[in-house]
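Just below is one structure, and these are the notes that go with it.
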């Protein structure tokens, strides 16, 4: 395999994993924006998306598209319900409390999924066949194109939601200054609910599109969540575009480290770079430091 | 009320003891077992436990051992080493077992409990995979194992590749204990076959193996041996297909002999070979194979009792109980040193996993002759290389 083909192959691999990391990172960012908390059940939502879709296709005999939509809607509902049942009843939801609660949510979700949907790995057919597409000596799986496409659409839609719709603007206002937003009549509580729903949907979409390529087991969520969290940190927590930049950077780093350095230390190399970036820019690549006027 | 019952009991006991007409009931021989029927390793533990149930029933139906029935005590270790340690403590101190058979369905648990059985000098037959369990023998004189060793699995795979003229192969292994053991053994075994190896690793939850596979392709390996028990093994197969590597010899280790994985891999499992014990292909074995009869009868008994097909894990525990009983019979007592010596002297025992030969120096009974290569075809495993 010549140099260009290998590099291209690794870049393809890096971008498609990176896109998934980016989707998961969006979930972290949206919830961080509205609550200042890190949502540790993000990875479990990814896992649930894949498992519910596979169950709907396998046991429910549903067509693929419908199964995937059902999975995303179901997980989004579960995300919203989780918020209403745990965060909402709290009198004063501080970030640290919400973070702790999401750890509990993650453990609960994982155990319930194991009990209800089982412990066996599942998968289903890729959206449009498995014949790899050849580009300049490298190959790309058709599902990778779906992953890239769906991630792009989701990113644009989220951007549109936050920039153009009243609800999105209200959420941004609530994120910027909770008290001021509440004073002008924005329901901060509802914006937290919506952020949970969006985050769960982002996770479920990630799960639904990667399961055909990588399969899904009930205990996959933790690692996926961890990678998504790293991507969010790398790009800058709370920054939507940071998720995209962070996700793609992390994916590419992993692929290139695996291809050129050592597969034993693939994750180690990726995380070492993450550390170095955070030393130099503690707020992440696109993150802005808090500026306090004295 | 309580006092009265107590008094009556004392009275009764005195009467019995003095009259001498009622024979003292021969004490049963107790064998203790720990396996994980819940938790992460539950998919192994369930069938492993049933294999033992069948063996104990068989033996007791034939009159037990040394004229006594086997009393079999089972604890679930829930895939956790801590639970395993507690259960073994109880087996040794409270239940006073003659032997411990089964080590929690996970090598990690077996390794965690064996210092206790060693200290108490209770013979322990592990039904788990890792070679470390029985090595070094000098430090573990009371520990035995009824499964194949990793170096033999590697050797079996390389025997085949040598036959096909392969000079350079890749080992694509997971970074877990299971995979690291393969790495260590391959480093030892490969030079004996005069082959060069490309080593590549992946995390058990990895979702993309393109970088590793690209490197393998680039280095010109003619064959790939994949070593994992997680779905990443399916990803490897699918991505090899995507990268046009399906013409290479592709082998999976015994950890991947699972219908579930084969179905998930679909087309990508075509021409794949798996190193396995003989159990999954019992039907295809030649009649001269000594394990064949045992395997078929075990499958029949299992189906009869539980109403479904067993998996290969049932054989290693079924054999372990039989080995324990043979040793007790040979030792003619439940004295632990005698049982240990008897276990060490078992040779040529034909079980459902193969022929067991133990010695003072080897506490692992199977050899690479007990391993075969199988392939997945028409929805079942078939014998590919005997």
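With N residues in the range B:34-76, what two-decimal value do you get for its Cα radius of gyration over 2.2 N^0.38 Å?
1.34
Per residue of B:193-202, how many C-beta atoms from partner chains lie within 10 Å of its own C-beta, taken as a mean?
Per-residue shielding by partner chains comes out at 2.
Which value, to two decimals, describes the C-alpha radius of gyration of the range B:45-114 once divided by 2.2 N^0.38 Å?
Numbers: Rg = 12.9 Å, N = 70, 2.2 N^0.38 = 11.1 Å.
Its radius of gyration relative to the 2.2 N^0.38 Å reference: 1.17.
Taking Rh as the Kirkwood radius, which is the inverse of the mean 1/r over Cα pairs, what is the Rg/Rh value for the range B:216-289? Show your work: numbers first, answer last.
Details: Rg = 13.4 Å, Rh = 13.2 Å.
Dividing the radius of gyration by the Kirkwood radius yields 1.02.
If I model a spin label at residue B:162 and residue B:382 as a point 7 Å from the Cα along the Cα→Cβ vector, what separation in nanometres do I get?
2.8 nm
Under a plain spin-label model, where a point goes 7 Å from the Cα along Cα-to-Cβ, how far apart in nm are residue A:167 and residue A:153?
1.9 nm
Quick one: plug the Kirkwood hydrodynamic radius of chain A (C-alpha pairs) into Stokes-Einstein at 37 °C, 0.692 mPa s, and report D in µm²/s.
Values: Rh = 19.5 Å.
Taking Rh from Cα pairs, D becomes 168 µm²/s.
So what's the back-of-envelope 222 nm ellipticity for chain B, counting only DSSP H runs of four-plus at -39500 (n - 2.57) apiece and dividing by all residues, rounded to 500?
For chain B, the value works out to -13500 deg cm²/dmol.
If you line up the long axis of helix A:240-256 against the longest principal axis of chain A, both from Cα atoms, how many degrees apart are they, to the nearest 10?
With both axes taken from Cα atoms, the answer is about 30 degrees.
Can you give me the Rg/Rh ratio for the range A:166-249, using Cα atoms for both radii and the Kirkwood formula for Rh? The partial results should precede the final answer.
On the way: Rg = 15.6 Å, Rh = 14.6 Å.
Radius of gyration over Kirkwood radius for the range A:166-249 works out to 1.07.
Taking 41 Å as R0, compute the FRET efficiency from the Cβ-Cβ separation of residue B:259 and residue A:278 and round it to 0.05. Can you show the working numbers first?
Values: r = 45 Å, r/R0 = 1.10.
About 0.35, to the nearest 0.05.
Determine, for A:24, B:34, the number of other Cβ atoms within 10 Å of each Cβ, and report the residues in order from fewest to most.
Sorted ascending by nearby Cβ count, the order is B:34, A:24.
If you take the alpha carbon radius of gyration of chain B and divide it by 2.2 N^0.38 Å, what ratio comes out, to two decimals?
1.10
Inside 10 Å of the C-beta atoms of B:236-243, what's the mean count of C-beta atoms belonging to other chains?
The shielding value for this peptide is 5.
Spin-label point model (7 Å from Cα, Cβ direction): what's the residue B:132 to residue B:303 distance in nm?
Here the modelled spin labels are 4.0 nm apart.
Count, for each residue of A:258-268, the Cβ atoms from other chains sitting within 10 Å of its Cβ, then give me the mean as a whole number. Working shown, then result.
Numbers: counts 12, 7, 3, 1, 6, 15, 10, 2, 9, 4, 0.
Taking all residues of A:258-268 together, the mean is 6.
Fewest first, what order do B:264, A:276, A:23, A:73 take by the number of other Cβ atoms within 10 Å? Let's see the in-between values first.
Numbers: B:264 22, A:276 10, A:23 30, A:73 14.
Ordered from fewest to most neighbouring Cβ atoms within 10 Å, B:264, A:276, A:23, A:73 come out as A:276, A:73, B:264, A:23.
Using only DSSP helix segments of four residues or longer, with each worth -39500 (n - 2.57), what per-residue ellipticity at 222 nm results for chain A after dividing by its residue count and rounding to 500?
Dividing the helical sum by the residues of chain A leaves -24000 deg cm²/dmol.
In the Gaussian network model of chain B, springs joining C-alpha atoms below 10 Å, which of B:63, B:307, B:32 carries the largest mean-square fluctuation?
Looking only at B:63, B:307, B:32, the biggest GNM fluctuation is shown by B:307.
What's the ranking of B:141-152, A:102-113 by average number of surrounding C-beta atoms within 10 Å, highest first?
Working: B:141-152: 23.8, A:102-113: 18.0.
With the highest mean Cβ count within 10 Å placed first, the list reads B:141-152, A:102-113.
What per residue convex hull volume, in Å³, comes out for the range B:120-197 when only alpha-carbon positions are used?
98 Å³
For the range A:1-115, what does the equivalent ellipsoid look like in terms of its semi-axes, each the square root of 5 times an eigenvalue of the Cα gyration tensor, given largest first in whole Å?
Each semi-axis is the square root of five times an eigenvalue, giving 31, 22, 11 Å.
What are the radius of gyration and Dmax of the range A:126-273, computed over its Cα atoms and given in Å?
Just the Cα atoms of the range A:126-273 yield Rg and Dmax of 18.3, 60 Å.
Which ordering of A:159, A:141, B:252 is given by a fewest-first count of other beta-carbon atoms within 10 Å?
Result, fewest neighbours first: A:159, A:141, B:252.
I'm checking a number: the convex hull volume of the Cα atoms of the range B:89-148, normalised per residue, in Å³. What is it?
67 Å³
With the Cα gyration tensor of the range B:172-327 giving a ≥ b ≥ c as the square roots of its eigenvalues, does the rule (a/c under 1.5 for rounded; else a/b larger than b/c for prolate; else oblate) give rounded, prolate or oblate?
In terms of gyration-tensor shape, prolate.
In a solvent-free Debye calculation with one equal scatterer on each Cα, what is log10 I(q)/I(0) for the range A:112-193 at q = 0.22, 0.24 Å⁻¹, listed in the order of the q values?
Ignoring solvent entirely, the Cα scatterers give -0.96, -1.05.
Please list the radius of gyration and Dmax for the range B:74-229, considering alpha-carbon atoms only, with Å as the unit.
Final numbers for Rg and Dmax: 18.8, 59 Å.
How much length is gained if the chain between residue B:95 and residue B:347 is pulled fully straight, taking 0.36 nm per residue apart and subtracting their Cα-Cα distance, in nm to one decimal?
87.7 nm
Can you give the direction-averaged projected area of the convex hull of the alpha-carbon atoms in the protein assembly as shown, in nm²?
For the protein assembly as shown, averaging the hull's shadow over all directions gives 39.3 nm².
No value in this document is a laboratory result; all are computed from the given coordinates. Keep in mind that this is a model prediction, so the values were computed, not measured. Methodologically, a virtual Cβ is constructed for each residue, glycine included, from the backbone with ideal geometry; neighbour enumeration extends over all protein chains shown.
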